[in-house]
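Single-structure report; data block below.
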Amino acid sequence: MMRKMPKVLATSRIPEEGLRMLEEHCDVKVFDYEGVFPRDVLLKEVNGVNAIVCLLADKIDGEVMDAAGPQLKIIANYAVGFDNIDVDAATKRGIMVTNTPGVLTDTTADLAWALLLATARRVVEGDKFLRQGKFKGWKPMLLLGTDVYHATLGIIGFGNIGRAVARRAMGFDMKIIYYSAHKAPVELERKLNAEYRPLDDLLKEADFVSIHVPLTKETRHLIGERELKMMKKEAYLINTARGPIVDEKALAKALKEGWIRGAGLDVFEREPEVEPELLELDNAVLLPHLGSASYATRAKMATMVAENALKALKGEVPPNLINPEVIMGR
């Protein structure tokens with residue numbers, strides 16, 4: 001008699017490298033919606049599954065877990081962050097929760113730099129200007145931007161990605177200052193030529209401010225009207241972390257009224273919605289959450305999420321377990 005394969009629900013298609021791993025050992029149902037996986041469909045489709053492979057946009061709370069049933073063993077998040085999952089609710093129900101950490105550090109740092117350079121040198125504006133047939137020849141005052149070389153970079157959050165951004169800044173001979181919940185070791189500060197600053201001091205001093213903190217109760221709207229008014233009028237704000245860290249309405253006002261010169265955003269407060277006023281501004285470069293969007297990184301994330309799910313379904317400890325209390329409670 002054939003052994004029944006465990007059921008896996010994937011709320012979105014992931015790269016084939018991970019999907020093949022899952023399909024080899026599991027009965028996999030994949031959905032591929034244009035937008036966010038509809039809540040009513042999710043509540044219906046999770047019934048009876050042993051594993052859920054989900055995205056940051058999918059809210060996985062106690063209601064979803066109960067709709068799945070007691071056989072649900074793991075919620076495998078295809079992301080580094082996991083604030084979309086009620087981890088406490090999962091732990092109470094004995095469900096493992098995993099993420100895909102570490103893999104997207106350099107890719108996200110690269111994108112932060114792409115946004116920094118694009119905003120400083122008005123790359124998107126220039127591209128649009130040329131395509132619209134407005135370029136009639138070189139002019140001394142055409143689309144003047146800001147030099148990055150020798151400028152001061154303020155990094156908010158000095159974890160792996162913040163430090164990777166700092167390493168890239170060294171190539172531009174920038175002065176690097178950082179704010180973090182915990183100061184970095186002195187040896188690391190020396191290696192990266194980085195100096196600690198309280199947040200307010202960093203905002204006042206930096207020419208470019210790049211955000212790399214996780215989303216928590218403490219960091220929600222960490223950058224609001226008060227903080228934006230502290231920044232230099234010539235400064236730029238870059239956010240590749242999480243959207244709700246920045247008050248988008250306040251940022252739109254700051255860009256409109258010239259409190260700061262520009263902003264580059266890869267994440268938004270109410271994704272996939274974007275503050276309408278931001279869409280109208282040429283001094284805001286806006287990307288559709290592309291931080292980890294390289295072929296190699298997304299494929300690695302897919303194999304990680306598959307390995308997490310498969311290990312849990314075999315009764316083993318997955319490599320990226322967020323709530324080890326589940327294992328200890330057994």
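Each value in this text was obtained by applying a stated rule to the coordinates, not by laboratory testing. What you see is a predicted model, and the numbers here were worked out from it, not measured in a lab. Note that we place each Cβ from the backbone using ideal geometry, even for glycine, and neighbour counts take in every protein chain shown.
Length gained on full extension, Ile327 to Leu144, computed as 0.36 nm times the residue gap minus the Cα-Cα distance: 60.1 nm.
Given 0.36 nm per residue, what is the gain on full extension from Ala293 to Glu257 after removing their alpha carbon distance, in nm?
Values: separation 36, 0.36 × 36 = 12.96 nm, distance 3.26 nm.
The Ala293-Glu257 span can extend by a further 9.7 nm.
Which of Ile75, Ile156 comes first, and how do the rest follow, when ranked by fewest Cβ neighbours within 10 Å?
Values: Ile75 31, Ile156 27.
Ascending Cβ contact count within 10 Å gives the list Ile156, Ile75.
Net charge dipole, the range 81-206: roughly 540 debye, given to the nearest 20, about the Cα centre with Cβ charges of +1 for Lys and Arg and -1 for Asp and Glu. Each label point was placed 7 Å from the Cα along the Cα-to-Cβ direction; for Val186 and Arg167 their separation is 2.4 nm. Summing Cβ point charges (Lys, Arg +1; Asp, Glu -1) relative to the Cα centre of the chain gives a dipole of roughly 480 debye.
Pairwise over distinct Cα atoms, reciprocal of the mean inverse distance: report the Kirkwood radius of the range 105-286 in Å, one decimal place.
Working: mean 1/r = 0.0603 Å⁻¹.
Radius from the Kirkwood sum: 16.6 Å.
Kindly provide the trypsin sites (Lys or Arg not before Pro) of the range 79-143 that DSSP labels as loop, not H, G, I, E or B, and whose Cβ sees at most 10 other Cβ atoms within 10 Å. Here the trypsin sites (Lys or Arg not before Pro) that fit, given the DSSP loop and packing criteria, are Lys134, Lys136. Of the peptides 15-22, 304-311, the order by per-residue mean of other Cβ atoms within 10 Å, starting with the highest, comes out as 304-311, 15-22. Taking each of Lys29/Lys217; Lys249/Lys311; Lys233/Lys300; Lys59/Lys300; Lys59/Lys311; Lys29/Lys300 in turn, the alpha-carbon distance tops 32 angstrom for Lys29/Lys217; Lys249/Lys311; Lys233/Lys300. At an R0 of 51 angstrom, the distance between the Cβ atoms of Arg226 and Lys4 translates into a FRET efficiency of 0.35.
Measuring between their Cα centroids, the range 209-264 and the range 104-169 lie 16 Å from each other.
Once you charge only the Cβ atoms, +1 for Lys and Arg and -1 for Asp and Glu, what is the size of the charge dipole of the range 187-301 about its Cα centre, to the nearest 20 debye? Provide the component values of the computation, followed by the final result.
Numbers: 18 positive and 22 negative charges, 54 e Å.
Charge dipole, the range 187-301, about its Cα centre: 260 debye, nearest 20.
Do any trypsin sites (Lys or Arg not before Pro) in the range 182-261 lie in a loop, going by DSSP, with at most 10 other beta-carbon atoms within 10 Å of their beta carbon, and if so which? Present the calculation step by step, with values, prior to reporting the outcome.
Working: sites: Lys183, Arg190, Lys191, Lys204, Lys217, Arg220, Arg226, Lys229, Lys232, Lys233, Arg242, Lys249, Lys253, Lys256, Arg261; in loops: Lys183, Lys217, Arg220, Lys232, Lys233, Arg242, Arg261.
In loop regions of the range 182-261 (DSSP not H, G, I, E or B), the sparsely surrounded trypsin sites (Lys or Arg not before Pro) are Lys217, Lys233.
Within a straight-line Cα-Cα reach of under 12 Å, Lys44 can be paired with the following aspartates and glutamates, leaving aside sequence neighbours fewer than 8 residues apart in one chain: Glu63, Asp66. Springs between Cα atoms under 10 Å define the GNM used for the chain, and in it the highest mean-square fluctuation of Val267, Val41, Val30 occurs at Val41. The calculated 222 nm mean residue ellipticity attributable to helices in the chain amounts to -10500 deg cm²/dmol, summing -39500 (n - 2.57) over DSSP H runs of n ≥ 4 and dividing by all residues. Paramagnetic label reach from Glu271 (point 7 Å along Cα→Cβ; backbone nitrogen cut-off under 19 Å): within the range 293-307, residues 293-306.
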